[in-house]
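The values are calculated or read from the model by the stated rules, or taken from the named source; none is laboratory data. The shown structure was predicted, so the numbers you read here are calculated from the model rather than taken from an experiment. We place every Cβ from the backbone using ideal geometry, glycine too, and count neighbours over all the protein chains shown.
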Amino acid sequence: MENNGEPPAIIEFDDMILPPFPPLLEDAKKRFQEMRNLECRKDDVILATYPKSGTHWVWEIVCMLLKNKAEYSKETKEFLFLEAVPDISIVDNVSSPRPLNTHAPYRWLPKQHIENGGKIIHVLRNPKDVVVSLYHHFDNAKEFGEVPYFKTFCENMYNGSGQVMGGWFAYEKEFEQAEANDTCSAIFTVQYESLKKNTIQEINRLARYLDVDVNDEVVTEIADKCSFKKLKEANATLKDHSNVSKLHPKAEQFALKVYRKGEIGDWKNHFTVAMNEQFDSKFQEEMKDSKIRVQYE
């Protein structure tokens, strides 16, 4: 999949700009339909997040809770990343309960899972920090070629016609509507900032949602092992990244750099006053009918 200096292919499907994972490059429609039609189990857990919203962090917490043990998974979350695994039937061989994960919008989540009231964990992170994290990720990975200056990148992310996974506004409003209207779903939303500030409390909330009877000692140990510093170290020293290279030509290279800062409010180091005012105006316009309350600091 080397491009010999040519600009990376831009994959567009269903009003989304998609990352160049091989299954999406080959046939994005087919992969999303495979995801939508995935045969699910009653105890499956699906972690659905907009990119750079804390997916790796929450996935690791969920894996530990499902095992009722503060023990890192040898596999990376990409091992069960639905839009990126080379063959989606790979997940059939994974023992239950399966902690699946995706960046797909709600409309493309497995239909059977939704109809069965399967557990869906949704992580919401403030969009200013999301765009900063996306900027650094794309600048490192070069998934879409050279990255413009941050101001231009930010404007493209929230005002451009084609946005990653359809854009943060559309993605979050779709989940909000599903949580309010879809009586068949069992969506649990955790805010990135709340998990950062009240880790023990939020892990306990997740445990109750997952029907896991976990004691205080294990919860405290999970919180400690899933701190940013220790997760970053575990990712570099304990994780098996051997299969990650199949997901993207440079996947293994930036999988080791997936943990950058993990801070709340890093947007303040990137947004000018004018950019912040422009974004706030856009947010008010897009989210005027939404009840979502974002935590910016």
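Descriptive notes on the structure:
- Members of the range 54-68 that are modelled with pLDDT under 95 and either at positive phi or assigned to a loop (DSSP other than H, G, I, E, B) (or both): Gly54
- Number of residues in the range 201-225 that are surrounded by fewer than 18 Cβ atoms within 10 Å (Cβ to Cβ) and touching a Ser or Thr at 6+ places or on another chain (Cβ under 7 Å): the value is 0.
- Among the residues making up the range 274-289, those that are exposed (fewer than 10 other Cβ atoms within 10 Å of the Cβ) and assigned to a loop (DSSP other than H, G, I, E, B) are Lys288, Asp289.
- Some residue of the range 97-104 being hydrophobic (A, V, I, L, M, F, W, C) and crowded, with 17+ Cβ neighbours inside 10 Å: yes
- Scanning the range 28-35 for any residue that is touching a strand residue (DSSP E or B) at 6+ places or on another chain (Cβ under 7 Å) and modelled with pLDDT under 95 turns up nothing.
- Criterion (under 30 Å from Leu82 (Cα atoms), in a loop (DSSP other than H, G, I, E, B), aliphatic (A, V, I, L, M) and at pLDDT below 90) met by exactly one of Val294, Val258: Val258
- Evaluation of Pro23 against the conditions (1) part of a helix (DSSP H, G or I); (2) of a type outside the set (Val, Ile, Thr); (3) more than 24 Å from Val164 (Cα to Cα); (4) touching a residue at least 40 places away in the same chain (Cβ under 8 Å) shows that the sole unmet condition is (3).
- If the condition is being of a type in the set (Val, Ile, Thr) and modelled with pLDDT under 95, then the range 103-144 contributes Ile114, Val130, Val131, Val132.
- Lone unmet requirement of (1) surrounded by fewer than 19 Cβ atoms within 10 Å (Cβ to Cβ); (2) farther than 16 Å from Glu174 by Cβ for Lys119: (1)
- Top-ranked residue of the range 165-209 - restricted to ones that are among the aliphatic types (A, V, I, L, M) and out of contact with any strand residue (DSSP E or B) (no Cβ under 7 Å at 6 or more places or on another chain), ranked as farthest from Val294 (Cα to Cα): Ala207
- Of the criteria (1) touching a strand residue (DSSP E or B) at 6+ places or on another chain (Cβ under 8 Å); (2) closer than 28 Å to Glu221 by Cα, which one Glu78 fails: (1)
- If the condition is being in contact with an Asp or Glu (Cβ under 7 Å, 6 or more places away or on another chain) and assigned to a helix (DSSP H, G or I), then the range 73-90 contributes only Ile88.
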